[in-house]
């Protein structure tokens, strides 16, 4: 069955809601849970009894969210975390140790870049970065035994589009874990179906849509009984868990080797609010992705000289061909406007009436932010260049408003700036 927006509208509404008792998801705010007897406690701690252990490693409301998102992404299971960065940190902490190397493909959100290039470095994990189409570098790095590959389904804010299927095939050939940040493209891209092992989301963004709930989710494929890449010797430190837990091993690996000790756990109320957003996700994603392309086209045809719009739907984009072939339903809510200088970018932003200036994406509202002076203000010029952050770059996240009204507001701001 083709997974179109109607499929997801049905899946998410039916998955979040209940037919009997409370229709809305139930919030379970308890931090601790009672066990029926000593034997049940033993079984819960051994992972043989599927009941709550302690809220740091599991909560019934979180479990409901996890089950819905796992089905949405076509995964075997999921873990809800306190934020999107919490999801990425959980996975990297669970699988990496001093002496390991990570390959990062394409442009990255600022927080992910600093996690890899600063924090993980402090703990002895090295890294290498490359562009999305540098397959010579990707192949040679995988061949020498890199431990994990991290990439975004759509570069934020570079808007580069990777060939996920080809990269996943290389990772599978060299038995290397591939984690894809799918925050910008829920429902549009299915990384697990394309060969990825782990999908992460900042559920704060598109999933929720309302900016009321900070959260993250990691979704995992099942572990194969034989010839799974996790049996490769470079993952020897998790073999004990894989051998015991079988196809569900990704879940206990992340809980026992990260969440149990570091506590990046989601809270019940945040998961409840995220599920309310999920019920309308397919409707919002379909509309927003139509609107982004329409706004980009209007701006491309009407912006004054010296102000440029970038989106892969535009023929001038370097990834336009991949957009047309691999992203028929769009590539998320983002487009960028380059005003050339920070001064002109500030003038442009200050002239907007509709956009909210904030460091978020995937909201029901249209959002805007100057990149160099905010998220990437601590980055050196060379790093900003690699990540696609120019001096006058403004990242726009298109919302649910009338796309013609959005474009009209941007054009009046551009006229004042020019």
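The values are calculated or read from the model by the stated rules, or taken from the named source; none is laboratory data. The structure presented is a predicted model; accordingly, all values stated were derived computationally and were not measured. Positions of Cβ are backbone-derived with ideal geometry, glycine not excepted, and every protein chain shown enters the neighbour counts.
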I'm checking my understanding of the structure. Among residues of segment 27-57 that are touching a residue at least 40 places away in the same chain (Cβ under 8 Å) and within 27 Å of the chain's Cα centre (by Cα), which one is farthest from residue 269 (Cα to Cα)? 57
Name, by its number, the condition in (1) in a helix (DSSP H, G or I); (2) buried (at least 16 other Cβ atoms within 10 Å of the Cβ) that does not hold for residue 208. (1)
Would you tally the residues in segment 358-385 being outside any loop (DSSP other than H, G, I, E, B) and in contact (Cβ under 8 Å) with a residue 60 or more places away in the chain? 1
What is the number of the single condition among (1) farther than 29 Å from residue 415 by Cβ; (2) out of contact with any helix residue (DSSP H, G or I) (no Cβ under 8 Å at 6 or more places or on another chain); (3) assigned to a helix (DSSP H, G or I) that residue 288 does not meet? (1)
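Residue-by-condition table, conditions (1) surrounded by fewer than 22 Cβ atoms within 10 Å (Cβ to Cβ); (2) touching a strand residue (DSSP E or B) at 6+ places or on another chain (Cβ under 6 Å):
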| position | (1), (2) |
| --- | --- |
| 118 | yes, no |
| 122 | yes, no |
| 128 | yes, yes |
| 133 | yes, no |
| 137 | yes, yes |
| 169 | yes, no |
| 179 | no, yes |
| 184 | no, no |
I need the full set of residues from segment 224-275 which are in contact (Cβ under 8 Å) with a residue 40 or more places away in the chain, part of a loop (DSSP other than H, G, I, E, B) and within 26 Å of residue 142 (Cβ to Cβ), in order please. 232
Filtering segment 274-284 down to residues that are out of contact with any helix residue (DSSP H, G or I) (no Cβ under 7 Å at 6 or more places or on another chain) and crowded, with 20+ Cβ neighbours inside 10 Å, which residue is farthest from residue 82 (Cα to Cα)? 284
Residue identified as at pLDDT 95 or above and buried (at least 22 other Cβ atoms within 10 Å of the Cβ) among 373, 397: 397
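Could you tell me which of the residues 91, 149, 102 is crowded, with 20+ Cβ neighbours inside 10 Å, under 18 Å from the mean Cα position of the chain (by Cα) and within 30 Å of residue 35 (Cβ to Cβ)? Lay out the reasoning, then the answer.
Numbers: 149 fails: within 30 Å of residue 35 (Cβ to Cβ); 102 fails: within 30 Å of residue 35 (Cβ to Cβ).
91 is the lone residue from the list that is crowded, with 20+ Cβ neighbours inside 10 Å, under 18 Å from the mean Cα position of the chain (by Cα) and within 30 Å of residue 35 (Cβ to Cβ).
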In segment 79-116, what residues are touching a strand residue (DSSP E or B) at 6+ places or on another chain (Cβ under 6 Å), more than 24 Å from residue 236 (Cα to Cα) and in a helix (DSSP H, G or I)? 84, 86
Quick one: which residue in 322, 344 is crowded, with 18+ Cβ neighbours inside 10 Å, assigned to a helix (DSSP H, G or I) and in contact with a helix residue (DSSP H, G or I) (Cβ under 6 Å, 6 or more places away or on another chain)? 344
Just to verify a result, which residue in segment 297-306, among those that are out of contact with any helix residue (DSSP H, G or I) (no Cβ under 9 Å at 6 or more places or on another chain) and in a helix (DSSP H, G or I), is surrounded by the fewest Cβ atoms within 10 Å (Cβ to Cβ)? 301
Hey, among the residues in segment 193-204 that are surrounded by fewer than 24 Cβ atoms within 10 Å (Cβ to Cβ) and touching a helix residue (DSSP H, G or I) at 6+ places or on another chain (Cβ under 6 Å), which one's nearest to residue 144 (Cα to Cα)? 195
Could we say that residue 278 is touching a residue at least 60 places away in the same chain (Cβ under 8 Å) and closer than 30 Å to residue 52 by Cα here? yes
